[in-house]
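S.K.: Below are the structure tokens for one structure; questions will follow.
The values are calculated or read from the model by the stated rules, or taken from the named source; none is laboratory data. All values derive from a computational prediction rather than experimental measurement. Ideal geometry is used to build each Cβ from the backbone, glycine not excepted, and the neighbour counts take in all protein chains shown.
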């Protein structure tokens with residue numbers, strides 16, 4: 001049997017003392033390697049003139065480490081130098097105050113949103129904070145995630161534990177270095193926001209800028225150790241962002257990233273498209289379009305205008321999509337902030353569902369004006385859907401909606417069609433418009449089309465109803481007058 005590395009070390013001294021003035025714990029630690037004496041090891045010891053005790057023991061560490069309950073500690077150094085033993089000794093001493101990433105329990109077969117947070121809102125907020133803020137990811141299981149996504153999920157569970165000390169051995173060691181830097185940046189940001197301590201150990205030495213440690217421990221072989229202390233200041237920007245720039249893009253850029261957007265690929269006629277690039281890598285895209293004729297929240301900030309005036313003075317942010325690899329390092333805010341002044345109009349509006357959980361548009365300088373609840377006519381449609389046995393949480397699934405519709409007979413579908421006719425919502429009417437000069441069609445044509453609609457068309461309307469039932473945030477930006 002191969003001996004575990006931890007069994008090769010023996011702690012000879014471990015003492016934790018709290019310094020009230022500094023608000024820190026002083027860990028006084030000594031440990032050494034300890035190897036089993038064998039006939040061959042005796043021969044080697046004799047050949048090199050070593051005593052039997054020297055052959056057995058080699059001092060690895062004798063140092064004092066000062067750590068506070070809100071410090072970020074980065075332990076790096078050569079493999080086999082004793083980093084893991086140091087981390088385990090601290091973990092054992094902290095007891096119930098601490099949790100190690102390896103101790104996080106996961107349910108591999110449930111959707112992520114079912115395993116985090118006491119409510120859906122809490123779960124969405126927590127998953128978004130660690131970079132799992134893709135609508136599709138919320139519904140995936142742990143086993144369906146990539147290695148980087150699994151690491152992010154475990155950090156979410158670490159945060160949810162409520163423990164004061166977060167410990168991580170071999171921190172991000174199995175991840176590509178870009179992902180490791182993103183995770184390091186987000187980890188320190190979360191810990192500092194919540195007043196928690198992080199103690200992370202890894203052989204990699206490239207995370208200092210993104211982890212922004214208050215305590216940096218460089219451990220080498222033998223007794224050689226270097227400990228540096230720094231002010232507790234958050235990293236304001238991930239190091240990768242410095243390598244990115246915003247420039248004018250095109251429809252092809254949007255097409256390449258559209259699959260990562262939960263609302264689908266088709267967008268209205270774009271006014272402007274900008275992209276975020278890192279060398280030759282496409283990292284994000286923002287699409288500005290012409291505004292719809294009416295929009296909840298607009299009347300609060302703008303006077304009534306003709307369609308011509310709206311098209312001239314107002315743009316709407318239609319889509320913002322960031323490549324999943326680069327999420328949660330502020331790129332959505334960067335795209336909005338740097339493109340608002342060059343969008344070509346003095347006013348810009350945005351309607352977003354995720355803005356409830358991730359205020360990236362507000363961080364970019366947009367103002368949150370109003371939060372829109374579902375309109376009464378849509379609620380009337382939802383009541384009919386509930387009466388027919390639809391689960392409103394799955395209205396976005398074409399497969400689910402199609403199966404439910406196929407289980408209904410024409411008599412049951414009749415009240416559903418009647419509910420859509422009574423609603424006359426512009427988004428419903430747009431589905432049946434036949435002329436681009438009348439994008440929302442005529443009411444008589446709409447009623448006739450609903451009455452003759454097949455299950456495929458009714459399914460599209462149900463999916464639209466699901467989207468309209470979501471709570472949305474209206475945001476607004478006005479160009480400063482020089």
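S.K.: For residue 76, state whether it is modelled with pLDDT of 90 or more, under 23 Å from residue 181 (Cα atoms) and in contact with a helix residue (DSSP H, G or I) (Cβ under 9 Å, 6 or more places away or on another chain). Don't jump to the end; show me each part of the working.
M.R.: On the way: modelled with pLDDT of 90 or more: yes; under 23 Å from residue 181 (Cα atoms): yes; in contact with a helix residue (DSSP H, G or I) (Cβ under 9 Å, 6 or more places away or on another chain): yes.
So residue 76 fits the description; yes.
S.K.: Considering only the range 46-73, state which residues are touching a strand residue (DSSP E or B) at 6+ places or on another chain (Cβ under 9 Å), modelled with pLDDT under 80 and not in a strand (DSSP E or B).
M.R.: The initial filter retains those residues of the range 46-73 that are touching a strand residue (DSSP E or B) at 6+ places or on another chain (Cβ under 9 Å), namely 56-73.
Narrowing the set further to residues that are modelled with pLDDT under 80 leaves 56-64.
Within the range 46-73, 56 is the sole residue that qualifies.
S.K.: Given the criterion on the phi > 0 side of the Ramachandran plot and at pLDDT 90 or above, identify the matching residue among 332, 365. Don't jump to the end; show me each part of the working.
M.R.: Details: 332 fails: on the phi > 0 side of the Ramachandran plot.
The conditions single out 365.
S.K.: Any chance the range 230-239 includes a residue that's touching a residue at least 60 places away in the same chain (Cβ under 8 Å), part of a loop (DSSP other than H, G, I, E, B) and at positive phi? Walk me through how you get there before you give the answer.
M.R.: In the first step, residues of the range 230-239 are kept if they are touching a residue at least 60 places away in the same chain (Cβ under 8 Å); the result is 232, 237-238.
Applying the additional criterion that residues be part of a loop (DSSP other than H, G, I, E, B) yields 232, 237-238.
After this cut, where a residue has to be at positive phi as well, the list is none.
Within the range 230-239 (the criterion being touching a residue at least 60 places away in the same chain (Cβ under 8 Å), part of a loop (DSSP other than H, G, I, E, B) and at positive phi), the answer is no, since none of the residues qualifies.
S.K.: Of the residues 276, 257, only one is within 21 Å of the chain's Cα centre (by Cα) and not in a strand (DSSP E or B); which? I'd like the intermediate steps shown before the answer.
M.R.: Values: 276 fails: not in a strand (DSSP E or B).
When all the criteria are applied, what remains is 257.
S.K.: Hey, which of the helices (runs of 4 or more DSSP H) in the range 318-429, taking only ones fully inside, have at least 2 residues that are outside the structural domain of residue 258 (by TED's automatic domain parsing) and farther than 27 Å from residue 242 by Cβ? Walk me through how you get there before you give the answer.
M.R.: Details: elements: 331-339, 360-363, 376-387, 398-406, 410-423.
In the range 318-429, 376-387, 398-406, 410-423 are the helices (runs of 4 or more DSSP H) which contain 2 or more residues that are outside the structural domain of residue 258 (by TED's automatic domain parsing) and farther than 27 Å from residue 242 by Cβ.
S.K.: Same structure, new question: If I ask for residues that are under 16 Å from residue 328 (Cβ atoms) and free of Cβ contacts under 8 Å to residues at least 60 places away in the same chain, which ones from the range 138-148 would you list? Before the answer, list the steps.
M.R.: Kept after step one, since they are under 16 Å from residue 328 (Cβ atoms), are these residues of the range 138-148: 138, 145-146, 148.
Passing the criteria: 138, 145, 146.
S.K.: Let me ask you something else. Determine which single condition residue 154 fails, assuming it passes every other condition in (1) modelled with pLDDT of 90 or more; (2) under 20 Å from residue 89 (Cβ atoms).
M.R.: The failed condition is (2).
S.K.: Assuming residue 153 fulfils every condition listed in (1) surrounded by fewer than 21 Cβ atoms within 10 Å (Cβ to Cβ); (2) closer than 24 Å to residue 188 by Cα apart from one, which condition is it?
M.R.: (1)
S.K.: Something else now. State whether one or more residues within the range 272-284 are buried (at least 16 other Cβ atoms within 10 Å of the Cβ), out of contact with any helix residue (DSSP H, G or I) (no Cβ under 8 Å at 6 or more places or on another chain) and either under 20 Å from residue 368 (Cα atoms) or at pLDDT 90 or above (or both).
M.R.: yes
S.K.: Oh, and also: Limited to the range 196-229, what total is found for residues that are surrounded by fewer than 18 Cβ atoms within 10 Å (Cβ to Cβ), touching a strand residue (DSSP E or B) at 6+ places or on another chain (Cβ under 6 Å) and part of a loop (DSSP other than H, G, I, E, B)?
M.R.: 3
S.K.: I'd like to check something: does the range 303-312 contain any residue that is within 17 Å of residue 352 (Cα to Cα), surrounded by fewer than 19 Cβ atoms within 10 Å (Cβ to Cβ), out of contact with any strand residue (DSSP E or B) (no Cβ under 8 Å at 6 or more places or on another chain) and not assigned by TED's automatic domain parsing to the domain that holds residue 175?
M.R.: Filtering the range 303-312 down to residues within 17 Å of residue 352 (Cα to Cα) leaves none.
No: the range 303-312 contains no residue that is within 17 Å of residue 352 (Cα to Cα), surrounded by fewer than 19 Cβ atoms within 10 Å (Cβ to Cβ), out of contact with any strand residue (DSSP E or B) (no Cβ under 8 Å at 6 or more places or on another chain) and not assigned by TED's automatic domain parsing to the domain that holds residue 175.
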